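To keep things clear, I will list the structure first and then write my remarks on it.
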Amino acid sequence: MNEPDILGASLARSGISRRSFLKFCTAMASLMALPPSAAYAMADALKRAQRQSVIWLSFQECTGCVESLTRSFDPTLEQLIFEMISLDYQETLQAASGEAAESARKQAMKASYGKYLLIVDGSIPTKDGGVYSTVAGVSNHDLLVEAAKGAAAIVAVGTCSSFGGIPHANPNPTGAVSVSDIIKDKPIMNVPGCPPIPSVIAGVLAYFITYGKLPELDNLNRPKVFFADTIHDRCYRRPFYDQGKFAKTFDDEGARNGWCLYELGCKGPTTYNACATIKWNGGVSFPIESGHGCLGCSEPNFWDKGSFYKPLPVPLADNTPIITAAALGGIAVGTAAAVISRKHQTSISEEK
Amino acid sequence: MDLLQFARGPALTWALAIFAFGMTWRLAGILLLKRRPDYSEPRNATSWPGALKLIISRSWPRREFIQRTAFGQALGYIFHIGLAIVVFGFAPHILFFRGLTGLDWPNLPNAIIYLSGAITLGALIVVLGRRLIHPVLRLLSNFDDYFSWFVTFAPVATGMLAVAHLGARYETLLAIHILSVALLLVWFPFGKLMHAALVFVSRGSTGALFERKGASI
Ligand code: HEM
Ligand code: SF4
Ligand code: SF4
């Protein structure tokens with residue numbers, strides 16, 4: 001009989017030192033604001049845990065989310081994720097293809113029925129019977145429904161699977177929807193972002209394996225530990241916002257001084273994500289630190305909320321035509337009212 | 001479409017359209033009215049200095065009544081100036097106006113905005129309290145007075161709550177803030193808030209009339 005697929009054993013096999021494993025656990029625990037003792041508890045639990053069976057389905061997506069995860073800046077992080085999980089099906093990463101791949105998926109689903117974690121990236125097309133994206137002749141919709149049945153929980157990775165994302169953007173030609181639009185009877189966690197931060201994906205996986213459940217979620221089913229604050233709340237340029245100092249163009253004095261990017265269209269005030277604290281590329285920097293406003297990529301409908309370069313308070317629609325028409329209408333009605341009352345005045349004075 | 005998108009999108013579009021329609025309707029309707037012919041002999045040939053004088057003199061307490069009116073007038077000044085600072089000095093508001101009109105002007109630091117916001121909020125509450133307590137004012141007040149107070153108070157209150165992240169998520173508070181502004185815009189031309197556009201017109205006409213008649217201003 002095979003020895004059970006325990007994470008500790010697989011760590012030893014792949015030569016990951018106890019030290020770097022503990023470092024990973026400490027980092028994850030602190031990212032998720034768990035008490036320091038939780039790092040050891042996590043290390044202990046993770047080591048003894050069975051590697052979590054994961055089935056990863058990719059629907060209408062650009063592979064950016066998988067790229068974000070697999071090209072994470074820190075190779076140990078990436079390696080550890082793949083040690084923590086037993087990735088039983090992932091079209092981009094698996095060697096198998098065709099019938100072999102599909103039967104591997106079915107086998108894994110059967111073997112860990114009720115226990116596997118289903119990860120989804122990409123949105124699901126629903127128009128015209130879902131013909132716009134199929135795998136092995138099965139529509140994304142049917143595949144999702146089938147795979148969701150045996151899942152312990154579902155993690156929607158990226159804005160597309162969380163909220164519909166770019167395929168869902170106006171005019172949404174494929175009728176793209178999110179996972180939670182279709183699956184109603186399973187715990188679903190959204191990890192949005194275009195793409196999401198790799199350590200956020202790693203953190204929530206570590207949490208799920210350690211505690212056997214999803215972390216606490218916010219109103220949009222995002223893990224609160226990573227999505228509790230807006231970019232603006234944690235932005236290092238915030239003092240300039242408060243002083244009312246704004247860059248007016250991308251290369252003016254204000255931009256060189258690192259002033260706030262609000263007037264250049266930064267969507268930080270209404271965007272919940274961890275970019276400003278965890279940052280990207282192993283903590284090197286994040287978009288605002290590189291001089292570009294936040295696009296709001298982890299929010300629903302971010303593609304349809306006006307130009308990335310239009311300041312937040314500028315109304316979404318071009319209201320000039322309707323305001324002009326309304327004003328002309330008002331002048332017409334007002335003039336008519338005045339004419340009527342003038343006639344009335346004249347007739348009264350004639351009567352006298 | 002979430003609440004914030006609704007507020008920023010259709011709600012503001014409709015509110016702005018109703019505001020533009022109402023303002024031009026009422027202004028054209030009033031300004032194009034026929035003046036009553038005055039057959040009397042004018043005491044003064046030019047009447048506009050009287051218009052100016054009355055606009056200024058009515059903006060200040062009368063010496064005879066100063067003890068009775070100074071408090072009310074001071075309150076009025078405080079919240080009007082506070083409103084002006086908040087509405088026209090805050091960077092997000094200026095960007096809103098710039099989006100509509102293309103005009104741009106320098107903004108004030110947020111600390112000043114929040115301070116004036118708080119003072120305005122306080123002054124508005126005292127104003128309402130006075131209206132409720134003062135027997136004559138209370139008798140004179142109707143729905144229009146209270147509702148106009150409410151639509152003025154609401155944007156200030158919700159703006160402060162949004163900034164403080166108090167009571168709900170920021171995007172919800174912001175959406176409510178914008179919806180309260182939409183309500184203000186819709187009510188503005190049709191209620192007593194229209195005084196903002198007409199106060200100097202009416203004072204000016206009264207002043208001009210007084211000057212013509214040779215009354216003291
Ligand atoms: C102390 C009082 C106030 C505070 C603190 C405040 C705060 C804010 C804030 C933070 C925004 C942000 C918009 C963003 O970043 O998306 C905003 C927008 C806005 N506020 Fe206020 N506000 C106040 C009073 C008012 C009043 C009295 C009015 C109107 C008469 C007003 C009209 C607006 C408008 C039109 C917007 C633009 C809407 C948008 O962002 O899409 N505000 N306000
Ligand atoms: S750059 Fe963006 S997130 Fe940072 S303070 Fe300015 S508006 Fe807020
Ligand atoms: S800064 Fe904003 S747009 Fe950029 S990755 Fe973070 S949430 Fe997305």
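Please go through region B:1-10 and give me each residue that is more than 7 Å from every other protein chain (Cβ to nearest Cβ), surrounded by fewer than 22 Cβ atoms within 10 Å (Cβ to Cβ) and not aromatic (Phe, Trp, Tyr), ordered by number.
Within region B:1-10, B:MET1, B:LEU3, B:PRO10 meet the criteria.
When both residues are 6+ apart or on different chains and their Cβ atoms are under 9 Å apart, which pairs have a first residue that lies in region A:226-238 and is more than 10 Å from chain B (Cβ to nearest Cβ) and of a type in the set (Ser, Thr, Tyr), and a second that is open to solvent by 50 Å² or more (accessible area, probe 1.4 Å) and more than 14 Å from ligand 1 (Cβ to nearest atom)?
Cβ pairs passing all conditions: A:TYR236/A:GLU289.
How many residues, within region B:26-59, are within 14 Å of another protein chain (Cβ to nearest Cβ), crowded, with 16+ Cβ neighbours inside 10 Å and outside any loop (DSSP other than H, G, I, E, B)?
Qualifying residue count for the region: 5.
Quick grid of which residues meet (1) facing chain B (nearest Cβ under 10 Å); (2) open to solvent by 60 Å² or more (accessible area, probe 1.4 Å); (3) near ligand 3 (Cβ under 9 Å from one of its atoms):
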| residue | (1), (2), (3) |
| --- | --- |
| A:ALA255 | no, no, no |
| A:GLU263 | yes, no, no |
| A:TYR272 | yes, no, yes |
| A:ASN301 | yes, no, no |
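Give the residue that is most open to solvent (accessible area, probe 1.4 Å), with candidates limited to residues of region B:62-95 that are within 16 Å of ligand 2 (Cβ to nearest atom) and closer than 17 Å to B:MET160 by Cβ.
Of everything passing the filter in region B:62-95, B:HIS93 is most open to solvent (accessible area, probe 1.4 Å).
If we keep just the residues of region A:212-244 that are within 10 Å of ligand 2 (Cβ to nearest atom) and of a type in the set (Lys, Arg), which is nearest to the chain's Cα centre (by Cα)? If you could, list the steps in order and put the result at the bottom.
Going residue by residue through region A:212-244, those that are within 10 Å of ligand 2 (Cβ to nearest atom) are A:230-242.
Now narrow it down to the ones that are of a type in the set (Lys, Arg): A:234, A:237-238.
On the way: A:ARG234: 18, A:ARG237: 23, A:ARG238: 23 Å.
By that ranking, first place goes to A:ARG234.
Can you pull out every residue in region A:294-307 that is assigned to a loop (DSSP other than H, G, I, E, B) and in contact with a helix residue (DSSP H, G or I) (Cβ under 9 Å, 6 or more places away or on another chain)? Break it down into steps so the answer makes sense when it comes.
Taking region A:294-307 as the starting set, the residues that turn out to be assigned to a loop (DSSP other than H, G, I, E, B) are A:294-301, A:305-307.
Answer for region A:294-307, where residues must be assigned to a loop (DSSP other than H, G, I, E, B) and in contact with a helix residue (DSSP H, G or I) (Cβ under 9 Å, 6 or more places away or on another chain): A:CYS294, A:LEU295, A:GLY296, A:CYS297, A:SER298, A:GLU299, A:PRO300, A:ASN301, A:LYS305, A:GLY306.
Please find, within region A:274-299, the residue that is surrounded by the most Cβ atoms within 10 Å (Cβ to Cβ) out of those that are of a type in the set (Gly, Ala, Ser) and farther than 30 Å from B:PHE6 by Cβ.
A:GLY291
Could you please tell me which pairs satisfy a Cβ distance under 6 Å, a separation of 6+ or placement on different chains, a first residue in region A:330-352 that is within 9 Å of chain B (Cβ to nearest Cβ), and a second residue that is of a type in the set (Lys, Arg)?
Hits for this filter: A:ARG342/B:LYS34; A:GLN345/B:LYS34.
Tell me, which helices (runs of 4 or more DSSP H) wholly within region B:67-140 include 1 or more residues that are closer than 23 Å to A:PHE240 by Cβ?
Per the criteria, B:91-101, B:110-133.
In region A:306-320, how many residues are away from ligand 1 (no atom under 11 Å from the Cβ) and within 7 Å of chain B (Cβ to nearest Cβ)?
Qualifying residue count for the region: 2.
Please list, ordered by first then second residue, the pairs with beta carbon atoms under 6 Å, 6 or more apart or interchain, first in region B:65-81 and farther than 19 Å from B:PRO135 by Cβ, second charged (D, E, K, R).
none
The values are calculated or read from the model by the stated rules, or taken from the named source; none is laboratory data. Note that this is a predicted model, so its numbers are computed, not measured. Methodologically, a virtual Cβ is constructed for each residue, glycine included, from the backbone with ideal geometry; neighbour enumeration extends over all protein chains shown. Keep in mind that these areas ignore ligands, DNA and RNA; they rest on the heavy atoms of the full protein, side chains included. Shrake-Rupley method; radii C 1.70, N 1.55, O 1.52, S 1.80 Å.
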